[in-house]
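The values are calculated or read from the model by the stated rules, or taken from the named source; none is laboratory data. Just so it is clear, the structure is predicted and the values come from calculations on it, not from any experiment. Note that each Cβ is placed from the backbone with ideal geometry, even for glycine, and that neighbours are counted across all protein chains shown. Areas reflect the complete protein model, heavy atoms only, side chains present, ligands, DNA and RNA absent. Shrake-Rupley method; radii C 1.70, N 1.55, O 1.52, S 1.80 Å.
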Amino acid sequence: MKAIEIKPDIYWVGAVDWAVRDFHGYITPRGTTYNNYLINDEDITLVDSVKHDFSGTTIDNIKSIVDPSKIVNVVVNHIEPDHASSLDDIMKLAPDANMYITAKGEKGLDRMFDTSKWKMNIVKTGDTLKTGKYTLTFLETPMLHWPDSMMTYIPEAKLLISQDAFGQHMASASRFDDDFTTCASNAELEDAVIEYYANILMPFGPLIKSKIGEVQKLGLDIDMIAPDHGIIWKQNPQKVLNMYLDMANGKADLSVAIIYDTMWHSTAEMSLPISQGIQDEGVDCKVIKLRATPMSVAIKELWKSRGCLIGSPTLNNILFPSVAEFLTHLRGLRPKNRIAGAFGSYGWGGGAVKDAYEEFNRMKLETFEPGIQVNYKPDADDENKCYEFGKEFAKRVKEYHSQFE
Ligand code: FEO
């Protein structure tokens with residue numbers, strides 16, 4: 001890739017990571033990008049950096065516009081290593097640059113680098129930095145999604161550099177939404193936004209709502225949103241704002257995600273009549289086997305659906321390990337506005353279905369009870385019961401969903 005001008009004298013100087021498939025445990029089938037931006041104004045300013053492996057790439061991109069030693073300001077919107085771990089390489093080239101960062105960001109960077117010679121400037125919401133024709137206005141966004149997080153707004157360019165928010169883990173030759181949707185599709189872009197939100201931002205829905213409300217109250221004129229991952233929103237920035245507001249308000253499809261694993265196929269066999277019962281009630285349904293599906297995809301499918309059924313065989317009186325792992329991961333994401341139930345097979349004592357409901361209760365999810373269990377292997381009578389269970393669950397999902405319409 002090369003530097004790309006996104007606004008007059010403001011350049012994308014980031015890196016496309018086509019190969020990454022495991023992003024700190026989050027599976028990224030589409031790869032990702034690390035976006036950072038160079039403002040070639042009177043005071044040359046770099047906003048964010050990239051993952052350390054791509055230091056050389058961003059430095060080459062910067063060099064294609066300016067001599068990096070001429071950088072006067074470095075803005076650090078977020079200190080997670082995918083955006084900050086090349087800062088030491090940048091600061092070696094521009095040792096006199098002034099760094100602009102939140103107080104929490106500075107504390108974090110002190111733990112990651114020898115910052116003793118860096119010129120740190122702590123900024124808060126509303127603070128500004130004049131670079132020449134442009135003014136950078138800082139907007140703290142604590143816990144979106146780290147304590148240090150902030151965004152940078154440039155009114156003269158109507159540009160919001162939004163760090164992780166509004167991003168997607170998607171490697172692409174396109175930098176902008178209009179190019180991407182010409183070459184690929186709106187549906188793929190939307191899917192990538194939902195997957196990113198579900199896996200990273202799900203716990204922060206109330207904060208997202210209030211922060212977007214704050215931005216709206218400030219009356220910021222925004223015609224481009226440039227996140228630190230994926231596609232830049234040029235044609236339709238309002239689209240991603242609306243998607244975030246919808247998700248923060250609990251929007252989901254009238255559908256059910258059946259997420260299960262199986263030892264000797266009995267739990268898998270149960271999932272089929274259950275899904276048929278759901279469909280026969282007019283509710284869409286997806287069946288997802290955990291060990292055949294990346295965790296991040298299973299999380300996304302759960303998030304898209306109003307109802308979720310967890311299927312697990314009992315192993316040593318508790319949940320099957322892959323199901324337990326999924327539920328632990330899900331609990332950390334603090335899902336809301338979803339209804340859950342459980343099913344599974346067992347040999348002697350059972351325990352998995354009970355454990356699943358305990359997890360739902362810890363997550364304070366609405367539940368559909370009782371779950372359904374089958375001893376060893378479903379026979380024809382069990383299959384009928386599973387079908388009826390699916391029908392009853394779908395009825396309950398429709399009823400629960402109606403409160404969000
Ligand atoms: Fe893309 Fe929170 O780092």
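Across Met151, Met112, Met170, mean-square fluctuation computed from a Gaussian network of the chain (C-alpha pairs under 10 Å connected) peaks at Met112. Rolled with a 1.4 Å probe across the full set of protein chains, the surface gives Phe54 an accessible area near 40 Å². With the alpha-carbon atoms of region 307-405 aligned to their principal axes, the span from lowest to highest coordinate is 41, 31, 16 Å, starting with the largest. Heavy atoms of the protein chains alone define the surface here; on that basis region 60-213 has 37 Å² accessible area per residue at 1.4 Å probe size. In terms of packing, defined here as the mean over residues of other Cβ atoms within 10 angstrom, the peptides 125-134, 44-53 line up highest first as 44-53, 125-134.
Suppose we take every Cα in region 66-214 and form the convex hull; what volume per residue is that in Å³? Don't skip to the end; give the middle numbers.
Working: hull volume 20.7 nm³, N = 149.
So the per-residue Cα hull volume is 139 Å³.
Across all Cα atoms of region 173-324, the radius of gyration (one decimal) and Dmax (whole number) stand at 18.8, 58 Å.
State, as an integer percentage, the relative contact order of region 34-103 based on alpha-carbon contacts under 8 Å between residues 6 or more apart. Before the final figure, lay out the partial values.
Details: 120 pairs, mean separation 24.5, N = 70.
This gives 35 percent for region 34-103.
A convex hull fitted around the alpha carbon atoms of region 192-254 yields 98 Å³ per residue. Only beta bridges with both residues in the chain are counted; by DSSP, about 40 percent of them are antiparallel. The H on the amide N of Gly311, modeled in the peptide plane, is under 5 Å from the matching H of Ile259, Tyr260, Asp261, Phe343, each at least 5 residues off or on a different chain. 3J(HN,Hα) along region 88-100, derived from phi through the Karplus expression 6.51 cos²θ - 1.76 cosθ + 1.60 where θ = phi - 60°, amounts to 5, 5, 5, 5, 5, 7, 10, x, 8, 5, 8, 9, 10 Hz, with x in place of Gly and Pro.
Surface composition of the chain: carbon plus sulfur atoms contribute 51% of the solvent-accessible area (1.4 Å probe, protein chains only, all chains present). Here the mean projected area of the convex hull built on the C-alpha positions of region 1-150 is 8.6 nm².
Express the relative contact order of region 1-40 as a whole percentage, based on alpha carbon pairs under 8 Å and six or more residues apart in sequence. Could the numbers behind the result be given before it?
Details: 61 pairs, mean separation 16.8, N = 40.
About 42 percent, as a whole number.
Per q in 0.21, 0.25 1/Å, what log10 I(q)/I(0) does a Debye calculation on the alpha-carbon atoms of region 135-228 return? Reported log10 I(q)/I(0), two decimals: -1.16, -1.36. Surface analysis of region 229-367 yields an accessible area of 39 Å² per residue, using protein heavy atoms and a 1.4 Å probe.
Taking only DSSP H segments of four or more residues, each worth -39500 (n - 2.57), what value at 222 nm results for the chain once the sum is divided by all its residues, to the nearest 500 deg cm²/dmol? Don't jump to the answer; show the numbers that get you there.
Details: 13 runs with 146 residues, N = 405.
It lands at -11000 deg cm²/dmol.
The heavy atoms of Glu388 present about 90 square angstrom of accessible area, all protein chains included, probe 1.4 Å. Averaging the sequence gap over all C-alpha pairs within less than 8 Å and six or more residues apart, then dividing by the number of residues, gives the chain a relative contact order of 12 percent.
Rounded to the nearest whole Hz, the Karplus-based 3J(HN,Hα) values (6.51 cos²θ - 1.76 cosθ + 1.60, θ = phi - 60°) of region 241-248 follow the sequence 4, 5, 4, 5, 4, 4, 5, 5, with x at glycine and proline.
Could you work out the equivalent-ellipsoid semi-axes for the chain, taking the square root of 5 times each eigenvalue of the Cα gyration tensor, largest first, in whole Å? Before the final figure, lay out the partial values.
Details: eigenvalues 422, 84, 66 Å².
Three semi-axes, in Å: 46, 20, 18.
Averaging the Cα positions of each part gives two centres, and for region 243-299 and region 329-361 these lie 14 Å apart. Taking Gly390, Gly219, Gly56 in turn, the Gaussian network model of the chain (Cα-Cα springs below 10 Å) assigns the largest fluctuation to Gly219. Distance distribution P(r), region 131-173, all Cα-Cα pairs, bin width 5 angstrom from 0: 6, 20, 22, 20, 15, 13, 3 percent.
Residues whose amide H falls under 5 Å from that of Thr33, counting only those 5 or more places apart or on a different chain, are Asp17, Met170, Gly230, with hydrogens built in the peptide plane.
Go through Lys336/Lys391; Lys117/Lys158; Lys63/Lys133; Lys336/Lys377 and tell me which ones have a Cα-Cα distance over 27 Å in this structure. Numbers along the way, then the final one.
On the way: Lys336/Lys391 23 Å; Lys117/Lys158 34 Å; Lys63/Lys133 22 Å; Lys336/Lys377 33 Å.
Flagged as over cut-off: Lys117/Lys158; Lys336/Lys377.
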